[in-house]
Amino acid sequence: MTATDLGLPRLGGLDLVPATDEPQKAKDYKSDQEVRWCPGCGDYVVLNTIQSFLPTLGLKRENIVFVSGIGCSSRFPYYMNTYGMHSIHGRAPAIATGLATTRPDLSVWVVTGDGDALSIGGNHLVHTLRRNVNLKILLFNNRIYGLTKGQYSPTSDQGTVTKSTPMGSLDTPFNPVSLALGAEASFVGRALDSDKKGLTEVLTAAAQHRGSAFVEIYQNCPIFNDGAFDVLKDKDEAAQRIIPLRAGEPIRFGPEGEYGVTRSGWGGLEVGKVADIGEDDLVVHDPTIQDTSYAFALSRIGDQHLNHTPTGIFRQVERPTYDDQARAQVEQAAQAKAPNLQALLTGKDTWTVA
Amino acid sequence: MSTSANGSGTGALSATRPTEVSQLDRVVIRFAGDSGDGMQLTGDRFTSEAAAFGNDLATLPNFPAEIRAPQGTIPGVSSFQVHFADYDILTPGDRPDVLVAMNPAALKANLGDVPHGGTVIVNTDEFSKRNLTKVGYDADPLGDDSLSAYEVHRVAMSTLTQGALADTGLGKKDAERCKNMFALGLLSWMYHRPTEGTERFLREKFAKKPDIAEANILAFRAGWNYGETTESFATTFEVAPAKLEQGTYRQITGNTALAYGIVAAGQLAKLPILLGTYPITPASDILHELSKHKNFGVTTFQAEDEIAGIGAALGAAYGGALGVTSTSGPGIALKSETIGLGVMTELPLIVIDVQRGGPSTGLPTKTEQADLLQAMFGRNSESPVPIIAPCSPADCFDAALEATRIALTYRTPVLLLSDGAIANGSEPWLIPDVGTLPDLSVVFATEPNAPDGSGEHWPYVRDPETLAREWAVPGTPGLQHRIGGLEKADGKGNISYDPDNHDKMVRLRQAKIDGIDVPDLTVDDPSGGEARVLALGWGSSYGPIGAAARRVRKKGLPIAQAHLRHLNPFPANLGEVLSRYDTVVVPEMNLGQLAMLLRAKYLVDINSYTKIAGLPFKAEELEGVFTDIITSTKEVAR
C-alpha cells in the first residue's frame, strides 16, 4: 500500500489507554511471585526501575500488558502485577502485535533478550518495527545466553569462548540499534541497566511514543558474562566512553566535555576533540530527522568494544502505526457498508427450489 | 454464422435450429487447456450457469502449482471438471462424458479418463506439428483413427474466435485469448444453459476495460452460434433442475464457505475477529475472502511468516478477540509450537489446515488428507486439541461454526481440517437463515474467582462441567494475572514444577478435550440393519464414499455408511457403532491414519483402503472396493 493519509489524529502512545487518578506506587506493580534471577543479575535493577517508573504514567494497571518470549529476561512478566504472557522463544512481538492491533486501550510491552529478539525471533522483530505497531520492545542485551547456560549470542564479541565455542565464536555480532534503525524503527533508544535516571528517561519517551519503540538495555549477566559493561559503569571510564544524546544539544562528552561528534566523509559521523572540531561544527542532536542515515551513523559511532557508546534516544519520528491503520480500515469498511450477515451469505446469484 | 445475434452484444441468445434434444439425468464435463487458457474461469462460469439453472452440481478444479507452466506441455495442463444433475449428487464425477481439449497436451493428459463413446471437443488450431511433438504425439491423433472410440468434434476455436472479433479492433493475440469463452458458448448451447449470467459476469469483471468485456461476450456468442448454425452438432442435451430440498441456494466453494463461517462465528459470538495468516496454497483464498469483510469487525493480518500469523491470532485471543489462523500442512508444522502454547494457556483459537499433497512442499495444488496424525499429535508432549473436518464445500460453513463453538466453550485451539478438493470445489448451498444459527456468545470473567475467598484472581480455576478456565481479558480491573508456556499450578496458575501438579495438569488438559460434547455418529443404512459392512470416512471423501455406497446398494448389496466430522474427540457412540459390523472399511487419502486411530482406541480390525494420488477417490473405484468387501464378508458369514 502506498502511504495513504488516513487523516488519523496525531495520537500519543498512551492516548487511548485509560488513565487513573488513584496514586500508584512501585510496590503496586510487584506481583506476589518470588523473583528468581541469579543474585546480582542486571534484570533486578531494570525490574525495579520499571516498577518505579510505571506509576508516573498514571495508567490503569489492568490496561498494561507485558509479553515476553523465552530466556532469563522473559521471566519478567511473572514479576509484574499487570496482565502478562510469557510466550514462546522469539515470538513475543508477533503475539503482542495481535494483542495491540485488537486492543488500542492497552499499553503493550515486549520484554526480550539478545538471543530471543535477535536470533530465534529476528524475523518478528524487524517486521514489527517495520510495521510500527504501537508496542514497546525492551531488549535486555547481556551478550550471552543465560538460561541455556552460557552459549554465545548474536551480540557476543567475535571470538567469545563458551561451552559451545571452545575455540572462540566466529560470528560477527549485531549492533541492535543499527539493526532496529535498518528495520525502519520509528523510536530507538539505548540505556544502561544501572543508570536508573537515563533508563527512566528513555522508557518515559518510549511509552509516550505512538508506534514501535525499541529500547536496548545493556544488562549484566553476573554468571556467564560478568562485567561485559563494566567499562561503562566505572565513573572515569564511563566519562570517556558514554556519549549522552540530548535533543537540541550539541553532542559532546568526556570528563570536561572535551570530546564531540562531527560529520565525516561518506555522510558518517565521527568522534573528535572539540578543540579540533570547533564548537560550531559539533552535531546538534535531532532524533526527529526522518532520514534514518543520521541515527544510523550515530549508532555506528558506538562499537562492540564500547569505546564510544551513545545512550539516550537515537530516533523518534512520527509515522502512521500499523494497528491504528488496521483499525481505521475496519471502521471505514463498517461505515461504508453496514454489516448484514444474511446479505453476505445470500450473495448475488441464487436460485430457489420450491 | 448468424451475424444478427453475433454483432451487437445485446439481446438474449435463443436456440432456433431444430436439434434432437436428449434428456439426461447427469453430465460430467471437463474443460482442459493450457494453464494460461482460462480453463478455471471457463469451468467456473459453466458451473454458475448450471447453478442458476437449478441443477445439483459438484466441481473439481485441477491445476499445476506453477502460475504459467511451460506452454503446451503436459505439466502445464489445467482442467476444471463439473458434474451437474437433476438429482442430488455427491461428487464431481469420475469420468468426463465430455472433454473439451484446447490443445494436444490437454487431450493427451485427459483422454484416458474419457469413457469410450464419450464426446471430445478439440481446438484443432492448436494441433500443429510443433505442439504435437512437444507432448510426444508422433502422428496427429485427429488425423488417424486413434480417437475412433470417441465422438470427436473438431472445432477451429482460435480461428473462429479471431474471425468473430475481426471488427473489434482487438489485436490477433488478444482476440485469440477469448477462445475459452467461445468454448463456453458452444457448451452452453449444447446443454441449454442460461447465458445472461455469464454476459453480466463478463461486463462486471472487465468493467474497467469495456472493449475486452465486449470481445469476450462476442466470443461467447460466437461459440453459441457456432453450435446453433453448423450442422456438426446433431444433438443437444437437457439436464432438468434437481429436486433438492426446498429453499434458496447459491453456489459456494469450500474456502468461501469457510471464510463465511468465520465471519458468521464472529457475529454469533459478538467478538471481533483477527485472522493472522501467511499466504499458502490452497488456503490463501480464505485470507482473500476475509479481507473483503472488514465491515464485520474482521482484521486480517498478513504476517511475516506462519509463526507470526498464529502468534498474532493467539495474542488477539488473549485480548478477547476470536483468533483465527489459516494455512496448509507445511504451515501447521511451523505453527505447532504456538498451538502448544494455546493448549497450555487454554485460550480459544481456530487453526485451519487446508490439507494438500505432501510431505514437505509436496503437491501444493493437489488434495490429500494426510495431516490427521499431524493435527492429532504434531506437537511436543501431551498436547491434545479437538479436530473437526468438513465433508463438502458447503459443509465448511457449519464446520467453522462448530470449531468456534468448541474453541470458545472449552478455551482451546481447535484444528479444522479441510483439504484442497473441498477448498476449491464447489456445490450448491442451501443458504441458512441467520436467525436459526447457534448463539456462540461468551462471558468474560469480571470478578476475582479465588475459591479461598482471598479476592484474588486465579486464572486456572475451571468450570466443573467443561473444565474450561475463565477468559479474563486485559483491561478487566482486579483480574491481573500472568499466563505462559511454563507449567501452571492447578487453580492458582503460578509457575509450578511440582511433580504431582504436573501429572494432574496433563490429565486435566486431556480430560477437558476428551470431555468435549460432540454429537453421536449417525449411520445411514437404508437396508434397515441388514448391512454387515460399514463404510466409514472423514473429510472430503464423503462424496465418493456416499456415491459408491449408493451404487452398491443399487446392485442389491447392503452397506452402511457413516462419516466422522469430529476426529478428536470421537463421538461417544463410535465404539458401539464399530462393533455392530462384521467389517469396517475406511477409505482415506493417506496411508491409513484414521484406521490407525480407530484400531488403537477401539481394538477393532479395520479394513483400510488408501490412495494418495493427489485427487479425490472415484466413486467407481470405491464401488469396486465395497462390492468386493461385501461379497467376501458374505462368504465368510456363510
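The values are calculated or read from the model by the stated rules, or taken from the named source; none is laboratory data. The structure displayed is predicted, hence computed values, not measured ones. Heads up, the Cβs are rebuilt from the backbone with ideal geometry, glycines too, and the neighbour counts pull from every protein chain shown.
Which one of A:202, A:271, A:215, A:231 is over 21 Å from the mean Cα position of the chain (by Cα) and under 30 Å from residue A:39 (Cβ atoms)?
Matching residue, one of A:202, A:271, A:215, A:231: A:231.
Of everything in the stretch B:452-495 that's more than 12 Å from chain A (Cβ to nearest Cβ) and touching a residue at least 40 places away in the same chain (Cβ under 8 Å), which residue is surrounded by the most Cβ atoms within 10 Å (Cβ to Cβ)?
Filtering first and then ranking leaves B:469.
Here is a check on your reading of the model: is residue A:147 touching a Cys at 6+ places or on another chain (Cβ under 9 Å) and not in a helix (DSSP H, G or I)?
yes
Report, by residue number, each residue of the stretch B:179-238 that is assigned to a helix (DSSP H, G or I), more than 22 Å from residue B:32 (Cβ to Cβ), among the hydrophobic types (A, V, I, L, M, F, W, C) and touching a residue at least 60 places away in the same chain (Cβ under 8 Å).
Correct list: B:217, B:218.
Which strands (runs of 3 or more DSSP E) sit wholly inside the stretch B:76-158 and have at least 1 residues that are buried (at least 19 other Cβ atoms within 10 Å of the Cβ) and touching a helix residue (DSSP H, G or I) at 6+ places or on another chain (Cβ under 6 Å)?
Of the strands (runs of 3 or more DSSP E) lying wholly inside the stretch B:76-158, those with at least 1 residues that are buried (at least 19 other Cβ atoms within 10 Å of the Cβ) and touching a helix residue (DSSP H, G or I) at 6+ places or on another chain (Cβ under 6 Å) span B:77-85, B:98-101, B:119-123.
May I ask you to verify whether residue A:177 is outside any strand (DSSP E or B), in contact (Cβ under 8 Å) with a residue 12 or more places away in the chain and crowded, with 24+ Cβ neighbours inside 10 Å?
yes
When the residues of the stretch B:304-324 are narrowed to those that are facing chain A (nearest Cβ under 7 Å) and either part of a loop (DSSP other than H, G, I, E, B) or of a type in the set (Lys, Arg) (or both), which ends up surrounded by the fewest Cβ atoms within 10 Å (Cβ to Cβ)?
B:305
Does the stretch B:278-299 contain any residue that is assigned to a strand (DSSP E or B) and at pLDDT 95 or above?
Yes, the stretch B:278-299 has at least one match.
Among the residues of the stretch A:270-289, is there at least one that is of a type in the set (S, T, N, Q) and in contact (Cβ under 8 Å) with a residue 24 or more places away in the chain?
yes
Given the residues B:338, B:345, which is the only one that is among the β-branched types (Val, Ile, Thr), facing chain A (nearest Cβ under 10 Å), within 27 Å of residue B:377 (Cα to Cα) and over 26 Å from the mean Cα position of the chain (by Cα)?
Answer to the check: B:345.
Could you figure out which of (1) in contact with a strand residue (DSSP E or B) (Cβ under 6 Å, 6 or more places away or on another chain); (2) surrounded by fewer than 21 Cβ atoms within 10 Å (Cβ to Cβ) isn't true of residue B:333?
Residue B:333 satisfies all of (1) in contact with a strand residue (DSSP E or B) (Cβ under 6 Å, 6 or more places away or on another chain); (2) surrounded by fewer than 21 Cβ atoms within 10 Å (Cβ to Cβ) except (1).
Quick one: residue B:273 ticks every box in (1) within 22 Å of residue A:105 (Cβ to Cβ); (2) crowded, with 24+ Cβ neighbours inside 10 Å; (3) at the interface with another protein chain (Cβ under 7 Å from one of its Cβ atoms) bar one, so which box is it?
Going through the list (1) within 22 Å of residue A:105 (Cβ to Cβ); (2) crowded, with 24+ Cβ neighbours inside 10 Å; (3) at the interface with another protein chain (Cβ under 7 Å from one of its Cβ atoms), residue B:273 breaks only (3).
Give the residue that is surrounded by the most Cβ atoms within 10 Å (Cβ to Cβ), with candidates limited to residues of the stretch B:213-263 that are within 29 Å of the chain's Cα centre (by Cα) and among the basic types (Lys, Arg).
Here the answer is B:250.
For the subset of the stretch B:506-549 comprising residues that are under 16 Å from residue B:414 (Cα atoms) and within 28 Å of the chain's Cα centre (by Cα), which member is surrounded by the fewest Cβ atoms within 10 Å (Cβ to Cβ)?
Going through the qualifying residues, I end up with B:517.
Would you be able to say whether some residue in the stretch A:55-71 is within 16 Å of the chain's Cα centre (by Cα) and of a type in the set (Ser, Thr, Tyr)?
Yes, the stretch A:55-71 has at least one match.
Mind checking whether some residue in the stretch B:587-604 is part of a strand (DSSP E or B) and either touching a residue at least 24 places away in the same chain (Cβ under 8 Å) or not aromatic (Phe, Trp, Tyr) (or both)?
yes
Being under 21 Å from the mean Cα position of the chain (by Cα) and of a type in the set (Asp, Glu) is the requirement here; does residue B:285 meet it?
Taking the combined requirement at face value, the residue satisfies it.
Give just the number: which of (1) surrounded by fewer than 24 Cβ atoms within 10 Å (Cβ to Cβ); (2) of a type in the set (A, V, I, L, M); (3) at the interface with chain B (Cβ under 10 Å from one of its Cβ atoms) does residue A:19 not satisfy?
Of the numbered conditions (1) surrounded by fewer than 24 Cβ atoms within 10 Å (Cβ to Cβ); (2) of a type in the set (A, V, I, L, M); (3) at the interface with chain B (Cβ under 10 Å from one of its Cβ atoms), the odd one out for residue A:19 is (3).
Condition first: of a type in the set (Phe, Trp, Tyr) and within 12 Å of chain A (Cβ to nearest Cβ). Now tell me which residues in the stretch B:215-260 satisfy that.
B:249, B:260
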